[in-house]
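Beneath this line is the structure, given in structure tokens, with notes to follow.
The values are calculated or read from the model by the stated rules, or taken from the named source; none is laboratory data. Bear in mind that the values here come from a model prediction, so they are computed numbers and not experimental data. Glycine also receives a Cβ, built like all others from the backbone with ideal geometry; neighbour counts cover every protein chain displayed. Accessible surface areas use protein heavy atoms only, side chains included; no ligands, DNA or RNA. Shrake-Rupley method; radii C 1.70, N 1.55, O 1.52, S 1.80 Å.
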Amino acid sequence: MEDDTIIVESPEEVGADIYRRVIIDVLSDLALGRVLLKVRAFVDVTEPVFIFLGLRKKGLASVKISDFADLEIGGYGKSEVLIFLNKEAYIPQLLKKLWERYGRGNISQEERTTIVVETPDYMTEVDLLGDMVIDEKVQEINDRIVDAMLRIIPEGFRVRYHQLTDEYILFVASEDPIKQDWKDRAVNMRDQLLQEVGLNA
């Protein structure tokens with residue numbers, strides 16, 4: 001994600017940098033970079049409050065195996081294709097697709113990030129696999145977004161308020177009961193961001 005895609009505000013500059021790095025890492029791990037257009041966050045541990053706002057991209061681009069994995073043919077004398085995963089978020093969908101095409105008995109996963117596909121046509125299948133599309137359902141993406149929030153929100157901030165729509169994700173979290181001021185700030189952040197990208201709030 002580009003530098004201006006994720007902006008974190010905080011009274012403490014160090015805190016802002018740390019949380020920006022956490023957000024980038026979590027969104028990357030869960031393959032959410034292609035789902036979110038822009039992210040704004042505010043954190044103040046003295047209040048204590050954490051606000052996260054993410055604008056969603058319109059229409060989901062199809063995800064191909066080559067978007068999140070490297071592929072190569074097996075070693076000498078082996079009729080197989082090796083899939084080396086760079087991201088683990090798509091493993092369930094990927095395995096389902098591979099089982100449908102090759103049968104469960106021809107798919108093995110000796111390591112979490114390596115899948116072996118046994119096929120006599122490995123020379124042609126390695127290219128076909130790279131272009132294979134992994135379908136993502138909206139609910140699966142929403143589940144990953146919630147998972148991301150649980151990883152990003154500061155530890156101990158168990159009181160939460162959220163909105164999850166087709167346009168945006170808004171989370172407010174704290175150790176204390178959520179104040180109206182915090183909700184208002186989150187809504188203002190949302191409206192400003194929607195205005196920035198030319199959408200109607």
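Of note:
- Heavy-atom accessible surface of the range 1-58: percent carbon and sulfur, 1.4 Å: 50 percent
- Within straight-line cross-link reach of residue 64, lysines at Cα separation under 24 Å, skipping those fewer than 8 residues along the same chain: 38, 87, 96, 97, 137
- Efficiency of FRET between residue 187 and residue 114 - r from beta-carbon atoms, R0 35 angstrom, step 0.05: 0.20
- Summed residue charge, Cβ within 15 Å of residue 156's Cβ, Lys/Arg positive, Asp/Glu negative: -2
- In order along the range 138-146, the Karplus-derived 3J(HN,Hα) couplings, from 6.51 cos²θ - 1.76 cosθ + 1.60 at θ = phi - 60°, round to 4, 4, 5, 5, 4, 4, 5, 5, 4 Hz, and Gly and Pro are given as x.
- Each peptide in 191-197, 72-78 gets a packing score, the mean of other Cβ atoms within 10 Å over its residues, and the list from highest to lowest is 191-197, 72-78.
- DSSP-defined beta bridges in the chain - what % are antiparallel, rounded to 5: 90 percent
- Computed over the range 13-144, relative contact order equals 24 percent, with contacts defined as Cα pairs under 8 Å that lie 6+ residues apart.
- In this structure residue 157 has an accessible area near 10 Å², from a 1.4 Å probe over the protein heavy atoms.
- Mean accessible surface per residue for the chain, computed with a 1.4 Å probe while every protein chain stays in place, in Å²: 55 Å²
- Accessible area of the range 121-190 belonging to carbon and sulfur atoms, whole % at 1.4 Å probe: 47 percent
- Averaged over residues, the count of other Cβ atoms within 10 Å places the peptides 117-124, 48-55, 144-151 in the sequence 48-55, 144-151, 117-124, highest first.
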